[in-house]
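Below is one structure, written out as C-alpha cells; the observations come after it.
Bear in mind these aren't lab numbers, they're just calculated from the coordinates by the rules spelled out. Owing to the predicted nature of the structure, the values given are computational and were not obtained by experimental measurement. Cβ placement follows ideal geometry from the backbone for every residue including glycine, while neighbour counts extend to all protein chains displayed.
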Amino acid sequence: MTDTPDLDIPILWFSLENQADALICTAHGRVPNATFQYRAARDVLALSFLISNQTPDDPLDLRLKTISPHLTNSSKWLDWCSSHLGQTLSGLSAADYDLACNAWRWLTGDRLLIDSASLCPAGFTAAKGCQVGVERAWQVVNSVITRDQ
C-alpha cells in the first residue's frame, strides 16, 4: 500500500472567496463571474477579509465597516494590504498562502494578464485590476451597508 501525502486544501481562501462571491451577489444580483471586473472585486474583497482580523462568525455589518475605510481608493487599499499581508500570510497553510499570494500578484502586477487576456479589457494591466477591484469592492460594500441600515 502506497502512502499518499496529505492534501493541503485552501479551505480558508475558498471560504473568503465564497464570502466575497456572496457579497457581490447580494449587492448586484447574479453577476457573470468570468469577467475581469468580477475577479478583481472578488480578490480585493477576499484579501481585505483576510487581513482585517475579523472572523466569519463576526457580524457582516461589523466586517464590512472594518474594511470599508480602506476601500476608498486603490492607493489607500494597497498601503493597508501591503502593510498587513506579510504578517497575515505567515500564519496560513501552504495552499491558502499560495492562493492569497496569487491574488495579490494578479492585482498588483505590472504586465498584461496573459493568462486572462480574453477576460481583460484592452489596455488593462494587473495594476489596473487593483484599481478596478478596489472601486468595485467599495461599491459592493457600500451597497450592502446602505441597504442594511
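Modelled spin-label separation between residue 93 and residue 15, with each label point placed 7 Å from Cα along the Cα-to-Cβ direction: 1.0 nm.
Cβ under 13 Å from residue 148's Cβ, residue 148 left aside: what net charge do those residues give with Lys, Arg +1 and Asp, Glu -1?
+2
Is the C-alpha gyration tensor of the range 13-82 telling us rounded, prolate or oblate? Criteria: a/c under 1.5 is rounded; beyond that, a/b larger than b/c is prolate, otherwise oblate. Since a/c reaches 1.5 but b/c is at least a/b, the shape of the range 13-82 is classed as oblate.
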